[in-house]
1. Quickly rank 63-70, 35-42 as a protection proxy: mean count of other C-beta atoms within 10 Å, highest first.
2. Any lysines with Cα under 24 Å of the residue 56 Cα? List them, leaving off those in the same chain fewer than 8 positions away.
3. Using the Karplus curve 6.51 cos²θ - 1.76 cosθ + 1.60 with θ = phi - 60°, work out ³J(HN,Hα) for each residue of the range 75-84 in order, rounded to whole Hz, and write x for Gly and Pro.
4. Rounded to the nearest whole Å², what accessible area per residue is found for the chain with the 1.4 Å probe?
5. Sorted from largest down, give the three principal axis spans of the alpha carbons of the chain, whole angstrom values.
Amino acid sequence: MSIKIISYDLGAPETSGDYKDLIKFIKGLGDTCKPLESLWLVNTNKKCEYIRNEAKQYMDSNDRIFVARWGVDDWAGLRLRNEAGKWLNNL
């Protein structure tokens, strides 16, 4: 397992019904944390390429996505959402 960063730019608001399946897909990858509006951290064994390829089916042609593996040995944040600091410190 490793932490993957998933960040995206969506053409419509994230609350749009079109993106419910994308969010469900991301949450289904493993233990998740959403520290910023369009940034997810996921503890998963899935490869970055797999995540990108599978996410495409839930995205419109004007949406963008970035997926990378992340090491958690050094990080800093300010006013993160959803108790992200606690989540990161428990890894």
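1. Taking the mean over residues of other Cβ atoms within 10 Å, the ranking is 35-42, 63-70.
2. Once the sequence-local lysines are set aside, what remains near residue 56 is 4, 20, 24, 27, 34, 46, 47.
3. Result, ordered by residue: 8, 8, x, 9, 6, 5, 7, 6, 6, 4 Hz.
4. 65
5. Over the chain, Cα extents along the principal axes are 35, 27, 18 Å.
The values are calculated or read from the model by the stated rules, or taken from the named source; none is laboratory data. Note that the coordinates shown come from a computational prediction; the quantities given were computed from them, not determined experimentally. Cβ coordinates were reconstructed from backbone atoms using ideal geometry, including for glycine residues, and neighbour counts include every protein chain displayed. Note: areas computed on protein heavy atoms with side chains; ligands, DNA, RNA excluded. Shrake-Rupley method; radii C 1.70, N 1.55, O 1.52, S 1.80 Å.
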